[in-house]
Structures are given as structure tokens and as C-alpha cells.
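In what follows, a single structure is set out as C-alpha cells and then discussed.
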């Protein structure tokens with residue numbers, strides 16, 4: 001017999017849409033580094049934020065990486081990205 005918990009279990013695996021994660025990531029990056037990113041420069045794939053920008057900007061992101069990831073976790077919960085590359 002199916003219980004309600006079995007039915008609701010599939011909803012625990014839902015992740016936020018990529019667009020929402022990108023928007024939150026861009027806002028947090030602006031807050032911590034002052035760098036403005038475009039959505040086209042970001043790919044969210046398997047829990048990793050891939051950022052395609054010049055090396056100077058990537059360096060800024062890596063300097064603030066721990067703060068950015070912590071804030072992402074605060075805003076998005078356990079489904080937040082775990083790395084920035």
C-alpha cells in the first residue's frame with residue numbers, strides 16, 4: 001500500500017531551476033565582489049557553477065569563494081551549488 005510519505009518523497013529531490021540559481025549567484029557575486037556577471041557567462045551543472053569570464057574576474061571570484069558559497073547555501077538551502085569553477 002502506498003503511503004503519503006512515499007508519494008511526497010519524490011518532491012524532496014527537486015532542485016531549484018537553473019535560472020533561479022544563476023540569478024541568486026549573480027546577486028551574491030555583486031554583493032561580495034562588485035563584479036557584474038551575465039547569465040550567458042554562467043552554467044549551473046551538477047551542483048557546480050561554471051563561470052566563463054576573463055582570468056582577472058575569476059581571481060576575484062576565487063578570493064571570495066567561501067563567502068559566496070556560504071551565502072548561496074543560506075539562500076538556497078541544501079540544494080545550493082557546492083563549487084565554483
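The values are calculated or read from the model by the stated rules, or taken from the named source; none is laboratory data. Note that the structure is a prediction, hence the values are computed from the model and not measured. We place every Cβ from the backbone using ideal geometry, glycine too, and count neighbours over all the protein chains shown.
Here are the criteria: (1) at pLDDT 95 or above; (2) part of a helix (DSSP H, G or I). Tell me which single one residue 20 does not satisfy.
(1) is the only condition that residue 20 fails.
Pick out the one residue from 28, 68 that is more than 15 Å from residue 85 (Cβ to Cβ), surrounded by 16 or more Cβ atoms within 10 Å (Cβ to Cβ), modelled with pLDDT of 95 or more and in contact with a helix residue (DSSP H, G or I) (Cβ under 9 Å, 6 or more places away or on another chain).
28
What number goes with the only condition from (1) outside any helix (DSSP H, G or I); (2) modelled with pLDDT under 90 that residue 10 does not pass?
The number of the failed condition is (1).
Go through the range 46-65 and count every residue that is surrounded by 12 or more Cβ atoms within 10 Å (Cβ to Cβ) and on the phi > 0 side of the Ramachandran plot.
Residues meeting the conditions: 1.
Those residues that are touching a strand residue (DSSP E or B) at 6+ places or on another chain (Cβ under 6 Å) and free of Cβ contacts under 8 Å to residues at least 12 places away in the same chain, I need them from the range 17-48; list them, please.
43
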